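Enquirer: Got a structure here, written out as structure tokens. Questions coming.
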Amino acid sequence: MKLIPLPAFQDNYLWLLHDGQRALVVDPGDAGPVRQALADADLRLEAILVTHHHPDHVGGVDALRDATGARVFGPARERIPPPFEPLAEGDTVEALGLRFQVLDVPGHTAGHIAYYTPQFEGAPLLFCGDTLFSGGCGRLFEGTPAQMHASLAKLAALPGDTRVCCTHEYTLSNLKFATAVEPGNTRLTHYRQQCEARRSRGEPTLPSTIALEREVNPFLRTREGAVAQAAHAYDGADGNDEVAVFAALRQWKNEFR
Ligand SMILES: [Zn+2]
């Protein structure tokens with residue numbers, strides 16, 4: 001099987017998974033790159049998995065459904081282009097012989113879901129939309145800091161070797177912020193150098209892994225003393241409450257250049 005990040009728009013990836021004959025795509029904001037990839041490899045689109053309702057994630061759904069007859073799956077609590085099969089935590093999706101578990105991960109949007117399969121070519125695989133990014137997380141458009149913190153904690157608890165397929169190539173700017181939060185984190189320094197090299201060669205930094213994100217992503221490290229200290233140096237509060245630390249980090253990141 002192959003896992004391919006198709007670049008779209010400025011910095012989106014439309015994740016395409018295929019077995020040489022059948023394919024699935026996650027969050028096709030644009031039908032064009034997906035149609036091209038299907039035609040190039042002579043693939044039949046079997047399923048479209050949607051994580052949340054934003055236009056850069058659903059913009060190509062209608063055109064791809066019409067052209068291929070693929071089944072569309074999406075969050076039960078959000079409005080995405082109908083018809084689709086509504087999903088929430090505890091549901092499963094079977095596609096390409098894989099079984100995906102659905103996780104509720106509200107915060108970026110109110111009904112955001114993620115798709116997780118425990119075995120794909122020897123390790124788990126996660127499609128997390130705009131919830132977890134490498135080195136960062138999505139903005140809180142519809143959810144509270146407490147919701148997003150809980151959603152990220154749920155993802156951080158997945159097996160360390162889980163490959164994390166995020167929807168945006170935001171890694172370098174996220175790692176710049178992460179370095180401002182934790183200048184003494186040597187794993188972060190090393191990872192940032194690796195990612196700079198990849199980007200200078202025009203390669204994606206993704207997928208990441210959960211184990212790596214636990215070490216470098218400040219939004220998954222709210223219980224670390226150094227992270228709490230830096231967050232509260234920004235907002236002037238104090239204490240170790242993880243949601244308060246998360247909220248301060250998210251606010252700081254929104255204003256960080
Ligand atoms: Zn979004």
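All of the numbers you see were taken from the coordinates with simple rules; none came from a lab. None of the values given here were measured: they were computed from a predicted structure. With ideal geometry, Cβ positions are generated from the backbone for all residues, glycine too; neighbour counts draw on all protein chains shown.
Enquirer: What pairs come up if the first residue lies in region 53-68 and is more than 15 Å from Gly129 (Cβ to Cβ) and of a type in the set (A, V, I, L, M, F, W, C), the second is within 14 Å of the ligand (Cβ to nearest atom) and not in a helix (DSSP H, G or I), and their beta carbons are under 8 Å apart, counting only those six or more places apart or on different chains?
Expert: Close Cβ pairs (under 8 Å, with a partner that is within 14 Å of the ligand (Cβ to nearest atom) and not in a helix (DSSP H, G or I)) amount to Leu64/Pro28.
Enquirer: Within region 112-126, can you find the residues that are closer than 20 Å to Asp11 by Cβ and away from the ligand (no atom under 13 Å from the Cβ)? Before the answer, list the steps.
Expert: Applying the first criterion (closer than 20 Å to Asp11 by Cβ) to region 112-126 yields 112, 114, 126.
Once the filter is applied, which keeps residues that are closer than 20 Å to Asp11 by Cβ and away from the ligand (no atom under 13 Å from the Cβ), region 112-126 yields only Leu126.
Enquirer: Here is a further query. Would you mention how many residues in region 136-146 are over 11 Å from the mean Cα position of the chain (by Cα) and either within 15 Å of the ligand (Cβ to nearest atom) or crowded, with 24+ Cβ neighbours inside 10 Å (or both)?
Expert: Of the residues in region 136-146, 5 are over 11 Å from the mean Cα position of the chain (by Cα) and either within 15 Å of the ligand (Cβ to nearest atom) or crowded, with 24+ Cβ neighbours inside 10 Å (or both).
Enquirer: I'd like to check something: does region 92-108 contain any residue that is in a helix (DSSP H, G or I), under 23 Å from His54 (Cα atoms), without any contact (Cβ under 8 Å) to a residue 60 or more places away in the chain and more than 14 Å from the chain's Cα centre (by Cα)?
Expert: The initial filter retains those residues of region 92-108 that are in a helix (DSSP H, G or I), namely none.
No, every residue in region 92-108 fails to be in a helix (DSSP H, G or I), under 23 Å from His54 (Cα atoms), without any contact (Cβ under 8 Å) to a residue 60 or more places away in the chain and more than 14 Å from the chain's Cα centre (by Cα).
Enquirer: Same structure again: Which of the residues belonging to region 52-74 are among the β-branched types (Val, Ile, Thr) and closer than 11 Å to Gly29 by Cα?
Expert: Pass one, region 52-74, residues among the β-branched types (Val, Ile, Thr): 58, 61, 68, 72.
Scanning region 52-74 gives Val58, Val61.
Enquirer: Does Tyr191 fit the bill of being of a type in the set (Ser, Thr, Tyr) and under 15 Å from the mean Cα position of the chain (by Cα)?
Expert: no
Enquirer: Here is a follow-up. Tell me, yes or no, whether region 34-52 has at least one residue that is more than 16 Å from the ligand (Cβ to nearest atom), touching a residue at least 60 places away in the same chain (Cβ under 8 Å) and over 27 Å from Tyr170 (Cβ atoms).
Expert: The answer is no; no qualifying residue exists.
Enquirer: A further question on this structure: Looking at Val58, Val102, which one is within 12 Å of the ligand (Cβ to nearest atom) and under 24 Å from Arg44 (Cα atoms)?
Expert: Val58
Enquirer: Looking only at region 165-194, how many residues end up being of a type in the set (S, T, N, Q), in a helix (DSSP H, G or I) and either surrounded by fewer than 22 Cβ atoms within 10 Å (Cβ to Cβ) or without any contact (Cβ under 8 Å) to a residue 24 or more places away in the chain (or both)?
Expert: Total meeting the criteria: 6.
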